[in-house]
Amino acid sequence: LGPLDRVAFSFVRAIMVRQATLLALLVLLAASVSGFLRPNFRPRYPAKAKGFIPKQILNAGNETYLSNIRALTTEGTNAEAYWSFDGTRLSFQSIREPLADTHPCDQIYTMYVNGNPDIQLVSTGKGRDTCAYFTPDGEHVIYSSTQAGMPGQDGKHCPATPDMNYGYLWPLYKSMDIYSVHLKTGTLKQLTNSVGYDAETTISPNKTQLVFTSDRDGDLELYIADLEIKTVRRMTYTPGYDGGAYFSNNGNMLVWRGNRPQGSDLTDYLNLLELGLVEPTDMQLFVMTDINNPNSVVQVTNNGAVNFAPFFLPNDDGIIFSSNVHDPTGGDFQLYMIK
């Protein structure tokens with residue numbers, strides 16, 4: 001199993017499981033009725049995709065370009081698996097027994113990919129967790145969590161969930177911060193402490209930088225920082241969602257998914273952002289060809305579909321990603337490559 005063979009699972013499920021707070025949903029419903037959003041606003045991502053599992057990925061016999069496909073997990077719900085730098089382990093988020101009985105939202109686990117998987121819970125069992133990534137030394141995992149809560153909000157429990165009949169709206173929890181946990185001692189260190197969403201963290205192959213998504217400046221933008229997140233540099237400035245970024249293998253480029261709404265779509269985006277929500281539709285792929293020059297952005301796709309999980313090929317001459325371009329109104333995601 002390669003680092004991207006599971007990527008379709010990760011982001012299809014990411015669309016389905018990210019949830020908003022109940023209060024935000026009530027405000028959104030009231031706003032829709034009152035005209036806060038434009039009158040003809042409707043979710044553009046159909047409910048029929050809920051619970052979809054891409055059969056083509058599960059049926060190895062139908063694959064032309066993938067081989068040696070094997071399942072690594074057999075229980076619970078599992079998503080967003082990322083490789084350790086030495087290629088022996090995965091970090092991932094999961095809802096599984098026995099914790100799922102009392103805490104039915106994602107926590108962070110690690111496992112080995114060969115031999116005994118030795119699946120270990122490495123997060124605290126509090127709040128909702130996501131986006132786990134091994135540090136270069138293999139001794140820590142960086143992840144995001146709502147466990148600290150907000151004033152008047154208990155961070156120990158799962159955040160409230162909205163009615164997904166209103167579409168696939170991702171929540172931007174204001175209590176979502178980035179943490180680092182030492183895998184042997186369990187020592188937890190909070191790396192960000194700003195009010196707002198800090199998540200979607202990945203680490204550069206140069207082993208000195210990370211990139212994450214945050215709404216700390218009023219929009220969902222990309223930021224590069226050192227591994228302790230002491231020195232932070234904003235990378236994107238265009239209105240719209242920028243997230244899910246990965247470094248190139250040489251550490252000099254970024255690739256990510258983004259949305260560039262215009263006109264009434266931009267109004268919808270900003271209104272949802274005020275409510276702590278984002279609608280993951282019409283996600284296109286972008287590359288920053290030089291991280292020292294934030295203006296070196298190239299749009300790679302423009303297909304009106306949802307494109308996720310872009311990752312550079314080993315020699316950085318192309319990207320592999322997941323997309324529903326063959327079914328842009330549905331939830332059937334497949335892997336594609338651009339060179």
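Each value in this text was obtained by applying a stated rule to the coordinates, not by laboratory testing. None of these values were measured; they are calculated from a predicted model. Cβ: placed from backbone, ideal geometry, glycine included. Neighbour counts: every protein chain shown.
Using only alpha carbon pairs under 8 Å that are at least six residues apart, calculate the relative contact order of segment 127-183 and give it in whole percent. Result for segment 127-183 is 41 percent.
Estimated at 0.36 nm per residue, the fully extended path between Asn292 and Lys184 surpasses their Cα-Cα distance by 35.3 nm. Compared with the alpha-carbon gap, the fully stretched path from Leu270 to Gln334 is longer by 20.1 nm at 0.36 nm per residue.
Here, segment 59-110 has an Rg and a Dmax of 13.8, 42 Å when only alpha carbons are counted. Computed from backbone phi, the HN-Hα couplings of segment 195-211 come to 6, x, 8, 10, 6, 6, 8, 9, 10, 6, x, 6, 6, 10, 10, 10, 10 Hz, rounded to whole numbers (Karplus: 6.51 cos²θ - 1.76 cosθ + 1.60, θ = phi - 60°; Gly and Pro given as x). The charge dipole of segment 146-253, taken about its Cα centre with unit charges on the Cβ of Lys, Arg, Asp and Glu (plus for the first two, minus for the last two), comes to roughly 440 debye. Working note: Karplus 6.51/-1.76/1.60 with θ = phi - 60° gives segment 86-94 the couplings 8, x, 9, 9, 10, 9, 7, 9, 7 Hz, where Gly and Pro are set to x.
Once the gyration tensor of the Cα atoms in segment 217-263 is diagonalised, the equivalent ellipsoid follows with semi-axes of 21, 15, 7 Å, ordered largest first. For Lys189, the aspartates and glutamates whose Cα falls under 20 Å of its own Cα, not counting residues fewer than eight places away in the same chain, are Asp106, Asp129, Asp137, Glu139, Asp154, Asp177, Asp198, Glu200, Asp226, Glu228. Backbone phi angles across segment 236-250, fed through the Karplus curve with coefficients 6.51, -1.76 and 1.60 (θ = phi - 60°), yield HN-Hα couplings of 10, 9, 7, x, x, 6, 10, x, x, 8, 9, 7, 6, 5, 8 Hz in residue order; Gly and Pro are listed as x.
Would you mind counting up the charge near Arg96? Only other residues with Cβ under 11 Å from its Cβ, with Lys and Arg at +1 and Asp and Glu at -1. Before the final figure, lay out the partial values.
Details: positive: none; negative: Glu75, Glu97, Asp101, Asp106.
Charge balance in the 11 Å sphere: -4.
Extending 7 Å from the Cα toward the beta-carbon at both Thr88 and Asn68 defines two label points whose distance is 1.8 nm.
Loop-only trypsin sites (Lys or Arg not before Pro) in segment 58-146, please: DSSP not H, G, I, E or B, and at most 14 other Cβ atoms within 10 Å.
On the way: sites: Arg70, Arg89, Arg96, Lys126, Arg128; in loops: Arg70, Arg96, Lys126, Arg128.
For trypsin sites (Lys or Arg not before Pro) across segment 58-146 that sit outside H, G, I, E and B with at most 14 neighbouring Cβ atoms in 10 Å, the list reads Arg70.
In segment 195-325, Rg over Rh equals 0.95, where Rg is the alpha-carbon radius of gyration and Rh the Kirkwood radius from pairwise Cα distances.
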